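A short write-up of the structure that comes next.
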Amino acid sequence: MTFQRRRRIITRQRTGTALLVVALISFLAGMTDAIGLLTVGDFVSFMSGNTTRAATALADGSILRALVLLGSLAVFVIGNAMGTIVASRFRAVGVLCSVAVILTVAAAGGDHLPNVPRFYLIVLAMGVVNASVEHIEGLPIGLTYVTGALSRFGRGLGRWIIGTGNSQWTMQIVPWVGMLAGAVVGALLEYRFGQASLWAPAILAGLLCILVQMIPGRWSRRYAQR
């Protein structure tokens, strides 16, 4: 086997593993997003939606609600910063373990945990998880937001049609499919188990932490920040 062929095989394996991880993390994000939305009544990763809701709340004179929603934006930013710091030291496995801990705290609070703290804990987890995988072979990948992924998919499709692009844009559909599937499962779980359904993403995050730990370090280093 030539060096070039072996290199191509390793690249395919590394890319395929990354896509599987992205799909599973997006599934986790979609599940958490749906459960969070149905449990607390507000978006836990769709900060564009919370920005609009905060603006309309201000216009309606609902100052307290606006402050809660604006607070979620700050918590989301803090979560992203925390995830980046953790990823720089412990890579994706550390990020996912952090998400598992945060979601476990939110789930363990049960009825004793007020709505706003639960909301902020879930938002924090969704901020942190974004740092687990940032790109695949240099191609940016989003985990908790699919607007960017669909936009990159559409632009890639356009470039492919006019003959000026490659096929890497097809990867962008993976997080959307994962998030859609996860959201469906999350909604079904919340309808069946209510607040207790938060244990599902907490457990899944823990399992993903174990799975990612099994990925060779030289591969996982390529998925996170550069």
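The values are calculated or read from the model by the stated rules, or taken from the named source; none is laboratory data. Not measured: the values here are computed from a predicted model. FYI the Cβ positions are ideal-geometry reconstructions off the backbone, even for glycines, and counts take in every protein chain you see. SASA here: full protein model, heavy atoms, side chains in, ligands and nucleic acids out. Shrake-Rupley method; radii C 1.70, N 1.55, O 1.52, S 1.80 Å.
General remarks:
- Consider region 207-226 and keep the residues that are among the small types (Gly, Ala, Ser) and surrounded by 15 or more Cβ atoms within 10 Å (Cβ to Cβ). The one that is modelled with the highest pLDDT is Ser220.
- Out of Leu121, Leu64, Leu96, Leu103, sole residue that is in contact with a Pro (Cβ under 7 Å, 6 or more places away or on another chain) and either part of a helix (DSSP H, G or I) or under 28 Å from Val22 (Cα atoms) (or both): Leu103
- Filtered residues of region 197-206 (kept if open to solvent by less than 60 Å² (accessible area, probe 1.4 Å) and either within 17 Å of Val44 (Cα to Cα) or not in a helix (DSSP H, G or I) (or both)): Ser197, Leu198, Ala200, Pro201, Ala202, Ala205
- Remark: pairs (first residue in region 81-106, free of Cβ contacts under 8 Å to residues at least 24 places away in the same chain and under 11 Å from Gly206 (Cα atoms); second residue of a type outside the set (Gly, Ala, Ser) and open to solvent by 20 Å² or more (accessible area, probe 1.4 Å); Cβ separation under 9 Å; 6+ apart in sequence or on different chains) = Gly94/Val86.
- Residues located in region 85-101, provided they are open to solvent by 20 Å² or more (accessible area, probe 1.4 Å) and either within 14 Å of Ala196 (Cα to Cα) or among the β-branched types (Val, Ile, Thr) (or both): Ile85, Val86, Val93, Val101
- Number of the condition not met by Val86 [criteria: (1) in contact with a Ser or Thr (Cβ under 7 Å, 6 or more places away or on another chain); (2) of a type in the set (Val, Ile, Thr); (3) closer than 22 Å to Gly186 by Cα]: (3)
- Against the conditions (1) small (Gly, Ala, Ser); (2) assigned to a helix (DSSP H, G or I); (3) out of contact with any Gly (no Cβ under 8 Å at 6 or more places or on another chain), Gly163 satisfies every one except (2).
- The residue of region 155-178 that is modelled with the lowest pLDDT, among those that are over 21 Å from Leu24 (Cα atoms) and open to solvent by less than 40 Å² (accessible area, probe 1.4 Å), is Gly165.
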